[in-house]
1. I want the antiparallel fraction of DSSP beta bridges within the range 45-98, as a percent rounded to 5.
2. Using label points projected 7 Å from each Cα along Cα→Cβ, tell me how many nm separate residue 13 and residue 38, to one decimal.
3. Kindly state, to the nearest 0.05, the FRET efficiency for residue 172 paired with residue 121, given R0 = 30 Å and r defined as their beta-carbon distance.
4. Measure out, as a whole number of angstrom, how far apart the alpha-carbon centroids of the range 1-78 and the range 122-139 sit.
5. Rounded to the nearest 500 deg cm²/dmol, what is the calculated helix-only ellipticity per residue at 222 nm for the chain, with -39500 (n - 2.57) per DSSP H run of length n ≥ 4?
6. Which FRET efficiency, nearest 0.05, do residue 136 and residue 81 yield, Cβ-Cβ r, R0 41 Å?
7. Would you mind calculating the relative contact order of the range 9-81 from Cα pairs under 8 angstrom and at least 6 residues apart, reporting the percent as a whole number?
8. More than 13 angstrom separation, counting every C-alpha pair in the range 132-179; what % is that?
Ligand SMILES: [Ca+2]
Ligand SMILES: [Ca+2]
């Protein structure tokens with residue numbers, strides 16, 4: 001049954017199956033591939049591991065694997081293996097210039113550089129607008145927030161300077177500076 005269906009070898013000593021089309025194959029499997037004793041073999045039932053990561057569908061004289069999304073049929077046609085999207089599309093091809101593609105089973109993920117993120121329904125890493133996101137928490141208080149690719153900056157009005165953490169503006173104490181010397 002093994003040699004007449006998906007098998008390449010059989011038995012404890014792993015004896016090679018006769019190749020389809022040869023005389024030996026015809027003797028073993030007179031009705032051809034997919035049949036044993038002139039009856040169709042349901043490969044999906046006989047071989048429980050068929051079409052792993054997919055669904056096995058029996059047909060007369062054969063079977064097909066319908067692979068889950070993100071998987072493709074392997075070279076032997078018996079299992080679905082993960083598609084490496086990163087290899088196919090290139091390391092930054094899928095995730096953009098500011099991301100790195102990481103292959104995962106059934107899909108892929110983008111690891112984004114700091115200041116970048118993956119937005120819903122988009123795959124590439126795009127800039128985080130810190131000004132919009134952190135407006136409620138008072139980012140650049142006392143000044144104006146300017147979004148930049150991968151970062152942001154606070155622009156302070158005359159007479160003000162940036163706090164050391166770069167997240168707000170503070171008044172310059174001119175009197176303190178002058179009387180200090
Ligand atoms: Ca994948
Ligand atoms: Ca930004």
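Coordinate-derived values only; no laboratory data. All values reported here derive from a predicted model rather than from experimental measurement. Because the Cβ atoms are built from the backbone with ideal geometry, glycine has one as well, and the counts that use them run over all protein chains shown.
1. Beta bridges within the range 45-98, antiparallel portion: roughly 90 percent.
2. According to this spin-label approximation, the distance is 3.2 nm.
3. 0.10
4. 54 Å
5. Details: 5 runs with 25 residues, N = 181.
It lands at -2500 deg cm²/dmol.
6. On the way: r = 47 Å, r/R0 = 1.13.
Efficiency for this residue pair is about 0.30.
7. 19 percent
8. Of the Cα pairs, 57 percent sit more than 13 Å apart.
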